[in-house]
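S.K.: Got a structure here, written out as structure tokens. Questions coming.
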Amino acid sequence: MSLKKHQSADNTYETERLILRPMSAEDRDFVFELYNRPKFIQHIGNRNVNSVEDAENYILNRFAPQIERLGYGNYLLVTKDNNEKIGAVGIFEREGLDVVDIGYSLLEEFEGKGYAFEAAQKVKSIGMDNFGLSKISAIISKENVSSQKLIEKLGLKFKKHVTLPGETEELNYYETE
């Protein structure tokens, strides 16, 4: 009797143009760069990743445990054509939210090419089809209109405004129907 496989052997997935693989300690330089970009801080927040060592600790303490426990989490986005690290996408357990939250971020030079939607669509499918999640949510800052459009294109609907524990900013909360 064979057990149904819930994910690929190494948790790596592919889309037409991208490879999605779980973030690992070797991605610390990339995470340091991405998390300190002005647009990341503006739209997602300052995660206090102030050194490459902080980035490695963030990966090992925040990302790795969720992947180990649930099988899904934060994925590095790598282009198939040039093997470039361009961003991250994931499904996250978040304090203050009952439903797991989809999130993504790209280096600015790769925005506007459809990569974020392609990656988010894949991660939504991984969560719902491979792991049986019944709902996925998204939280987006009110001024981040491009991200709001992407989430709506993904099939999530605006439900309410939320403020996460320990935060002051009121965010738009979206959820799958």
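The values are calculated or read from the model by the stated rules, or taken from the named source; none is laboratory data. In this text, all values refer to a predicted model and were calculated from it rather than measured experimentally. Glycine also receives a Cβ, built like all others from the backbone with ideal geometry; neighbour counts cover every protein chain displayed. Each accessible area value is taken on the protein alone, full model and side chains, heavy atoms only, with ligands, DNA and RNA left out. Shrake-Rupley method; radii C 1.70, N 1.55, O 1.52, S 1.80 Å.
S.K.: Return the subset of 39/135; 124/157; 85/160; 113/159 for which the Cα-Cα distance in this structure is over 26 Å, preserving the input order.
M.R.: Working: 39/135 28 Å; 124/157 14 Å; 85/160 34 Å; 113/159 28 Å.
Over 26 Å apart, Cα to Cα: 39/135; 85/160; 113/159.
S.K.: In addition: Accessible surface of residue 149 in the full protein assembly, 1.4 angstrom probe, to the nearest 10 Å²?
M.R.: Looks like 130 Å² after rounding.
S.K.: With every protein chain kept in the model, how would you rank 76, 150 by accessible area, 1.4 Å probe, largest at the top? If you can, show how the numbers build up before the last one.
M.R.: Numbers: 76 0, 150 25 Å².
My answer, sorted largest first, is 150, 76.
S.K.: While we're looking at this one, here's another question. What FRET efficiency, computed as 1/(1 + (r/R0)^6) with R0 = 45 Å and r the Cβ-Cβ distance, is obtained for residue 82 and residue 142, rounded to the nearest 0.05? Don't skip to the answer; put the middle values down first.
M.R.: Working: r = 35 Å, r/R0 = 0.77.
E(calc), rounded to 0.05, equals 0.85.
S.K.: Sticking with this structure for a sec: Any idea which of 65, 134, 76 is furthest toward the positive side of the dipole for the stretch 58-162, if Lys and Arg beta-carbons carry +1 and Asp and Glu beta-carbons -1?
M.R.: 134
S.K.: Let me know the charge dipole size of the chain about its Cα centre in debye, to the nearest 20, where only the beta-carbon of Lys, Arg (+1) and Asp, Glu (-1) is charged.
M.R.: For this selection, approximately 580 debye.
S.K.: Could you compute the net charge surrounding residue 107? Neighbours are other residues with a C-beta less than 12 Å from the C-beta of residue 107; K and R count +1, D and E count -1. Present the calculation step by step, with values, prior to reporting the outcome.
M.R.: On the way: positive: 37, 39, 85, 113; negative: 33, 84, 108, 109, 111.
So the surrounding residues net to -1.
S.K.: How high is the relative contact order of the chain, in percent, counting Cα pairs under 8 Å that sit 6 or more residues apart? Walk me through the intermediate numbers first.
M.R.: Numbers: 280 pairs, mean separation 30.2, N = 177.
Relative contact order here is 17 percent.
S.K.: How high is the relative contact order of the stretch 76-156? Use alpha-carbon pairs under 8 Å, at least six apart in sequence, and give a whole percent.
M.R.: Values: 91 pairs, mean separation 19.1, N = 81.
Taking the mean separation of contacting Cα pairs over the length of the stretch 76-156, I get 24 percent.
S.K.: Suppose all protein chains stay in the model; what accessible area per residue would a 1.4 Å probe give for the chain, in Å²?
M.R.: Values: 9560 Å² over 177 residues.
Result: 54 Å² of accessible area for each residue.
S.K.: How high is the relative contact order of the stretch 117-177, given as a whole-number percent (alpha carbon pairs under 8 Å, six or more residues apart)? Provide the component values of the computation, followed by the final result.
M.R.: Details: 75 pairs, mean separation 21.7, N = 61.
With pairs under 8 Å counted, the relative contact order is 35 percent.
S.K.: Pop a pseudo-label 7 angstrom from the Cα along the beta-carbon direction at both residue 69 and residue 47 and give the gap in nm to one decimal.
M.R.: 1.7
S.K.: Additional query: Considering only protein heavy atoms and a 1.4 Å probe, what is the carbon-and-sulfur percentage of the accessible area of the chain?
M.R.: Values: 4390 of 9560 Å².
It is 46 percent, rounded to a whole number.
S.K.: Accessible surface of residue 80 in the full protein assembly, 1.4 angstrom probe, to the nearest 10 Å²?
M.R.: Its heavy atoms expose roughly 90 Å² to the probe.
S.K.: Check cross-link reach from residue 80 to the aspartates and glutamates: straight Cα distance under 18 Å, and skip same-chain residues fewer than eight apart.
M.R.: Once the sequence-local aspartates and glutamates are set aside, what remains near residue 80 is 10, 14, 16, 27, 109, 111, 118.
S.K.: May I pose another question? Apply the Karplus parameterisation 6.51 cos²θ - 1.76 cosθ + 1.60, with θ equal to phi minus 60°, to every residue of the stretch 41-57 and state each ³J(HN,Hα) to the nearest whole Hz, in sequence, with x for glycine and proline.
M.R.: Calculated HN-Hα couplings, in order: 5, 5, 8, 10, x, 7, 8, 6, 9, 9, 7, 4, 5, 4, 4, 4, 5 Hz.
S.K.: Which one, 152, 95, 14, has the greatest fluctuation when you compute a Gaussian network model over the chain with C-alpha springs under 10 angstrom?
M.R.: 95
S.K.: Still on this structure, I have one more. If we restrict to alpha carbons, what Rg and Dmax does the stretch 13-176 come to, in Å?
M.R.: Gyration radius and largest Cα-Cα distance of the stretch 13-176: 14.8, 41 Å.
S.K.: How do 106-112, 162-168, 22-28, 120-126 rank on mean C-beta neighbours within 10 Å, highest first? Let's see the in-between values first.
M.R.: Details: 106-112: 14.6, 162-168: 11.3, 22-28: 17.7, 120-126: 20.4.
Top of the packing list down: 120-126, 22-28, 106-112, 162-168.
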